[in-house]
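The values are calculated or read from the model by the stated rules, or taken from the named source; none is laboratory data. Model, not experiment: these values are computed from the prediction. Please note: Cβ atoms are built from the backbone with ideal geometry, for glycine as well, and neighbour counts cover all protein chains shown.
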């Protein structure tokens, strides 16, 4: 990131919040990488790429089936959060600090509305988890 920042400018990334119902309780779909790290599906945008189209591209590459007969019915909804990385550190903030004129990254989280039935193709190195909201609430590890 430190090498590409002067050339490409601020990095923009997008992530999808996929909500499903299980036993009448909302669950968030997360991708598990290894044994201890989970993240929302998404990733970095190409320079100049539209946020919605970039998120669809990322979702298709991470969760889309490789079959032309199965087309995902993802509907990208509203942007629910914007996080800022002011420096070359791992910490992100839900606001851009006033003394920062050139933040290094902007991450936007979008709601993605799913149809009643959806098919996902998860790569072998990842695991798709449906995590209930009560496990996410007040369970932040820093």
Scanning region 56-69 residue by residue, those surrounded by 12 or more Cβ atoms within 10 Å (Cβ to Cβ) and over 20 Å from residue 131 (Cβ atoms) turn out to be 56, 57, 60, 64, 65
If we keep just the residues of region 86-120 that are touching a residue at least 40 places away in the same chain (Cβ under 8 Å) and in a strand (DSSP E or B), which is surrounded by the most Cβ atoms within 10 Å (Cβ to Cβ)?
112
Search result, residues across region 114-127 that are in contact with a strand residue (DSSP E or B) (Cβ under 6 Å, 6 or more places away or on another chain) and either farther than 25 Å from residue 78 by Cα or at pLDDT 90 or above (or both)
126, 127
Count of residues meeting criterion [more than 15 Å from the chain's Cα centre (by Cα), more than 20 Å from residue 131 (Cα to Cα) and in contact (Cβ under 8 Å) with a residue 24 or more places away in the chain] in region 18-48
1
